[in-house]
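**Q** Got a structure for you, written out below as structure tokens; questions coming shortly.
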2 protein chains.
Amino acid sequence: MSDTETTHVHETVRAAAAAAPACAGASPSHRAGALTAVADALETERAALVATADAETSLGPARLNGELSRTAFQLRLFADEVRTGALFDARLDRPAPEWPPGPRPDLRRYRTALGPVLVFAASNFPFAFSVAGGDTASAWAAGCPVVVKAHPGHPELSRRTAAVVRRALAEAEAPQGMFALIEGEQAGVEALRHPALAAAAFTGSQRGGLALARIAAERGTPIPFYGELGSVNPVVVTPGAARARSEEIAEGYVGSVTQGAGQFCTNPGLLFVPRAAEALVDGIATRLRGVPGAPMLGGWIADGYAAGARRLAKLPGVRTVVRPDGPEEAGAPGPRLLAMELAAFTAAGTAATEECFGPLGLVVTYDDVAALGEAVAALPGQLTASLHAEPSEAAGLGALAGALAARAGRLLWNQWPTGVSVTHAMQHGGPFPATTAPTTTSVGTAALERFLRPVAYQSCPPQLLPPPLRDDNPWGVPQRVSG
Amino acid sequence: MSDTETTHVHETVRAAAAAAPACAGASPSHRAGALTAVADALETERAALVATADAETSLGPARLNGELSRTAFQLRLFADEVRTGALFDARLDRPAPEWPPGPRPDLRRYRTALGPVLVFAASNFPFAFSVAGGDTASAWAAGCPVVVKAHPGHPELSRRTAAVVRRALAEAEAPQGMFALIEGEQAGVEALRHPALAAAAFTGSQRGGLALARIAAERGTPIPFYGELGSVNPVVVTPGAARARSEEIAEGYVGSVTQGAGQFCTNPGLLFVPRAAEALVDGIATRLRGVPGAPMLGGWIADGYAAGARRLAKLPGVRTVVRPDGPEEAGAPGPRLLAMELAAFTAAGTAATEECFGPLGLVVTYDDVAALGEAVAALPGQLTASLHAEPSEAAGLGALAGALAARAGRLLWNQWPTGVSVTHAMQHGGPFPATTAPTTTSVGTAALERFLRPVAYQSCPPQLLPPPLRDDNPWGVPQRVSG
């Protein structure tokens, strides 16, 4: 990186830091107005943005239009959440002379913005996890300025989106410096090392995320690093479900594992089925063979998919059930299905549970549901885990469901993990290595909690209190008084 | 460490891991019962525990009795907090077919226990931040088993407290393995590296905390590390306050800076006073000269205090105002006062803001309150910051108060930072290096949030839902339904 580029990155982070007090001090309605303005602007520019996105990502207009709608909805949901004022978690303890073990002073605590946030955009959601995506929206909602490091997979879309965002924020009279875009790997690392940065969020590969997490931890002033690194999202099909709904499950699985060319962090890459459920595996294989190859986000993604599939196929005990053949594999690889027995899977350890980003399923056959508990407990942390079972089996699945929930951020029943709904109760996270921060989520309104820091005021006069802690409560936020 | 000792540590962590599901699944009333039982048992054994503590720490029966009461109170406050069920943050989103951008499934999210927690006990609070102290209580309240690494400064007290805890937990029929004590630095490191560990909490020195934080970050599975590393807790006295209440402020300052031989992480080691406030500095110096030397927690603490004081005294522009002399310095060093001008302080950078653990104050004289903003903004992260000012000045202090609050976890007005009240609204934390986790607190009921992990259940039958997420809500926890 040239000196000029380095200087540009430093100036960008400094400008974000300069904007931090204004962003943190912005009222809920001001913040919500900015979020809503960006949502409106994205929809106004929909046609041009989707066309640019499609040219760069090959994801197709239907998916991209849906994703843009989701992104706008997400911004508005955060706007609604900010308006409730719940994020401030305002707690007012009145003076209590009799409080043990000594008189309690007037204490007021709220959560305020952490400061400038660096967002590393993802490749696979060019809207929803990119420039104006979930990390950006949640950091803004928390009152933080955001510097986005563009993903090189869609540079032109990133610039266009950034222009839309800048214009919308200016029209909403949002604080200057609340948003900036930088490009290039080295620029991202420079920004991550900048002393004024307060936190970083990342969605992407395990390797990339861990490298950045290490940089964040090794700074002179270490900062929170929220990395969502993906997982294989195990699915367990019970004997009862395999018997009762073999076709339905095969259909659903193939739809989920090939959706978006398998380029989802919630892609169900690992499927446990009863050994006797040959019809289910056949049904999956037949359907997969009928799914045409689809262009992936870029050559580097397709290469990674091919390499990952080769690596898995060579593990002891793995047999290839479905593989793409012929010329289509070059630009638009087709889906793959591998299979192995539980004993071989267990023996392979984490080599069998590494994410292979793309439309690949690894079927693991088991004899007895009770024997799955150990394998599940040994799984690395997962974003999701799913159970496909009959209602009559539910009562007997408590232990397995508990084991799955202990390794994952979300447990699904007879549903597929792709398609993450943006709601208050969504949890998109999980134990390491699904994420680097298991106490947090990167989807849903709770995502903004990542960018808040509590501060208490002891016996301070009203003039010095932030609005959420004042008795006259000018922002009308919920206040928890004396417990 | 011998193989036997290593094996013991590993077995201890494994036992905690085995207890994790039972602890996480314990009902609020069961958890609260265990916390209360420990509180009761500590008070029953008060006389013996305080005597042992005094022999090992020289803190004196008055302080130690108070601290034991505080520790018991803290356990009961967490019990009360657990009973409210608020910690589960239960969110139930009902299915919503019209939800954009696609039908919303039944989604239920709560926060469950993170898993086994390692607590590194502190030296300076042999009850409140040790075996059954705040970190232990908050981890238990969150539903986590705890392994405490005893502080070598009070080994016998640690063992005695552990025996009291074990007995109380057994009588309360708490899950086996919910508590264990280990001893020795290497044992602590082994436990921190154990794959089954989920989080660690630490209160102590910056050097020790940073070394442990690095180990936690470099594990194969990195885990959250909550380190409270102390700070110098700046205090600003305004010209108005210095004129109006010189005697009162001198009295208060000397009481706070020498309390407990200055062995508090909230000790006000840095005092900004107007240059004209010679009477204030004289008043402090006179009083400090009258404070006799006091025994410190151990020889290693007294040595660190002497070395830190020598280092500060040698900084350019520092003059020594009060220093202990004579024979009392050996076992029971007296208080110290240093002074320098704002320009020299600024020039010294972080060399002038390193914590010197003990009864030492560094006075920095300034000409104009407006000039303090820059120095305050350059401060490392602090647990607390205090303003001593006249009510008539409040309106003009917004910028300075904002700058102080931006660098600290708690802002005080005309009060002293020592004596941290245990309440709902307390915040004991702050930007790095005051803590390694600026989004958290280690005192007050919010401390339990450090040990919780969100999990969502999508469309799961009631038999597989944890109690806080069930429609019949058997634990009676607050549920936020559809936002």
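The values are calculated or read from the model by the stated rules, or taken from the named source; none is laboratory data. Here the structure is a predicted model, which means the values were calculated and not measured. Cβ sites come from the backbone with ideal geometry, for glycine too, and all protein chains shown count toward neighbours. Heads up: the accessible areas ignore ligands, DNA and RNA and are worked out on the full protein's heavy atoms, side chains in. Shrake-Rupley method; radii C 1.70, N 1.55, O 1.52, S 1.80 Å.
**Q** Anything in the range A:391-406 that is under 29 Å from B:L197 (Cα atoms), more than 7 Å from every other protein chain (Cβ to nearest Cβ) and touching a residue at least 60 places away in the same chain (Cβ under 8 Å)? List them, or say none.
**A** Passing the criteria: A:L400, A:L404.
**Q** Quick check on this structure: which one of A:S392, A:S459 is within 27 Å of B:L397 (Cα to Cα) and hydroxyl-bearing (S, T, Y)? Spell out the reasoning first.
**A** Details: A:S392 fails: within 27 Å of B:L397 (Cα to Cα).
After applying the criteria, what remains is A:S459.
**Q** Within the range B:439-460, can you find the residues that are within 7 Å of chain A (Cβ to nearest Cβ) and either open to solvent by 20 Å² or more (accessible area, probe 1.4 Å) or of a type in the set (D, E) (or both)?
**A** Matches in the range B:439-460: B:T439, B:S459.
**Q** Applying the selection to the range A:85-102, what residues are open to solvent by 60 Å² or more (accessible area, probe 1.4 Å) and either more than 8 Å from chain B (Cβ to nearest Cβ) or outside any loop (DSSP other than H, G, I, E, B) (or both)?
**A** Of the residues in the range A:85-102, the ones open to solvent by 60 Å² or more (accessible area, probe 1.4 Å) are A:94-95, A:97-98, A:101.
Within the range A:85-102, A:R94, A:P95, A:P97, A:E98 qualify.
**Q** Here's a follow-up. Kindly list, by first and then second residue, each pair from a residue in the range A:469-483 that is more than 14 Å from chain B (Cβ to nearest Cβ) and within 16 Å of A:L87 (Cα to Cα) to a residue that is open to solvent by 50 Å² or more (accessible area, probe 1.4 Å) and outside any loop (DSSP other than H, G, I, E, B), limited to pairs with Cβ atoms under 7 Å and residues at least 6 apart or on different chains.
**A** Cβ pairs passing all conditions: A:N473/A:Q479.
**Q** On to the next question. Keeping to the range A:423-438, report how many residues are open to solvent by 10 Å² or more (accessible area, probe 1.4 Å) and farther than 22 Å from A:A211 by Cβ.
**A** 1
To keep it simple, each residue is scored yes or no on (1) at pLDDT below 95; (2) open to solvent by less than 10 Å² (accessible area, probe 1.4 Å); (3) over 24 Å from B:I223 (Cβ atoms); (4) in contact with a Pro (Cβ under 8 Å, 6 or more places away or on another chain).
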residue	(1), (2), (3), (4)
B:R111	no, no, no, yes
B:F120	no, no, no, no
B:A128	no, yes, yes, no
B:G133	no, yes, no, no
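**Q** Check B:Q259, B:Q263 and return the single one that is of a type in the set (S, T, N, Q), under 28 Å from B:V376 (Cβ atoms) and touching a Ser or Thr at 6+ places or on another chain (Cβ under 7 Å). Don't jump to the end; show me each part of the working.
**A** Details: B:Q263 fails: touching a Ser or Thr at 6+ places or on another chain (Cβ under 7 Å).
After ruling out the rest, the residue left standing is B:Q259.
**Q** On to the next question. Which count do you get for residues in the range A:355-367 that are under 19 Å from A:P274 (Cβ atoms) and either buried (at least 18 other Cβ atoms within 10 Å of the Cβ) or modelled with pLDDT under 95 (or both)? First the steps, then the outcome.
**A** Step one: of the range A:355-367, the residues under 19 Å from A:P274 (Cβ atoms) are A:361-367.
If we keep only those that are either buried (at least 18 other Cβ atoms within 10 Å of the Cβ) or modelled with pLDDT under 95 (or both) too, we end up with A:361-366.
The number of residues fulfilling the criteria is 6.
**Q** Same structure again: In this structure, does B:R410 turn out to be facing another protein chain (nearest Cβ under 8 Å) and under 25 Å from A:G444 (Cα atoms)? Steps first, please.
**A** Numbers: facing another protein chain (nearest Cβ under 8 Å): yes; under 25 Å from A:G444 (Cα atoms): no.
The answer is no for B:R410.
**Q** Still on this structure: Hey, B:F432 hits all of (1) touching a Pro at 6+ places or on another chain (Cβ under 8 Å); (2) within 30 Å of B:A24 (Cα to Cα); (3) within 8 Å of another protein chain (Cβ to nearest Cβ) but one; which does it fall short on?
**A** Tallying (1) touching a Pro at 6+ places or on another chain (Cβ under 8 Å); (2) within 30 Å of B:A24 (Cα to Cα); (3) within 8 Å of another protein chain (Cβ to nearest Cβ), B:F432 fails exactly one: (2).
**Q** Please state which of the following conditions A:L59 fails to meet, knowing it meets all the rest: (1) assigned to a helix (DSSP H, G or I); (2) over 30 Å from B:W413 (Cα atoms); (3) within 22 Å of the chain's Cα centre (by Cα).
**A** Exception for A:L59: condition (1).
**Q** Which is surrounded by 15 or more Cβ atoms within 10 Å (Cβ to Cβ) and closer than 21 Å to B:L465 by Cβ, of A:A389, A:A348?
**A** Numbers: A:A348 fails: closer than 21 Å to B:L465 by Cβ.
Of A:A389, A:A348, the one residue that is surrounded by 15 or more Cβ atoms within 10 Å (Cβ to Cβ) and closer than 21 Å to B:L465 by Cβ is A:A389.
**Q** I'm trying to understand the selection: among the residues of the range B:413-426, which are farther than 25 Å from B:L360 by Cβ and either within 7 Å of another protein chain (Cβ to nearest Cβ) or not aliphatic (A, V, I, L, M) (or both)? Can you show your working first?
**A** Keep residues of the range B:413-426 that are farther than 25 Å from B:L360 by Cβ, which gives B:422-426.
If the condition is that a residue be farther than 25 Å from B:L360 by Cβ and either within 7 Å of another protein chain (Cβ to nearest Cβ) or not aliphatic (A, V, I, L, M) (or both), then B:T423, B:H424, B:A425, B:M426 are the ones that fit.
**Q** Are any residues in the range B:251-303 among the β-branched types (V, I, T) and open to solvent by 60 Å² or more (accessible area, probe 1.4 Å), and if so, which ones? Step through it out loud before you land on a result.
**A** Going residue by residue through the range B:251-303, those that are among the β-branched types (V, I, T) are B:254, B:257-258, B:266, B:273, B:281, B:284, B:286, B:291, B:301.
Within the range B:251-303, B:T286 is the sole residue that qualifies.
**Q** Also, I was wondering about something else. Quick test of your reading of the structure: A:A174 fulfils all but one of (1) closer than 21 Å to A:F73 by Cα; (2) open to solvent by 10 Å² or more (accessible area, probe 1.4 Å); (3) assigned to a helix (DSSP H, G or I). Name the failing condition by number.
**A** (3)
**Q** Another question, if that's okay. In a helix (DSSP H, G or I), within 14 Å of chain B (Cβ to nearest Cβ), open to solvent by 20 Å² or more (accessible area, probe 1.4 Å) and in contact with a helix residue (DSSP H, G or I) (Cβ under 7 Å, 6 or more places away or on another chain): is that true of A:R76 in this structure? Steps first, please.
**A** Numbers: in a helix (DSSP H, G or I): yes; within 14 Å of chain B (Cβ to nearest Cβ): yes; open to solvent by 20 Å² or more (accessible area, probe 1.4 Å): yes; in contact with a helix residue (DSSP H, G or I) (Cβ under 7 Å, 6 or more places away or on another chain): yes.
Against the criterion (in a helix (DSSP H, G or I), within 14 Å of chain B (Cβ to nearest Cβ), open to solvent by 20 Å² or more (accessible area, probe 1.4 Å) and in contact with a helix residue (DSSP H, G or I) (Cβ under 7 Å, 6 or more places away or on another chain)), A:R76 qualifies.
**Q** Further question on the same structure: What are the residues in the range B:221-231 that are touching a residue at least 12 places away in the same chain (Cβ under 8 Å) and either part of a strand (DSSP E or B) or at the interface with chain A (Cβ under 9 Å from one of its Cβ atoms) (or both), if any? If you could, list the steps in order and put the result at the bottom.
**A** Here is the first cut: in the range B:221-231, the ones touching a residue at least 12 places away in the same chain (Cβ under 8 Å) are B:221, B:223-231.
Across the range B:221-231, the qualifying residues are B:T221, B:I223, B:P224, B:F225, B:Y226, B:G227, B:E228.
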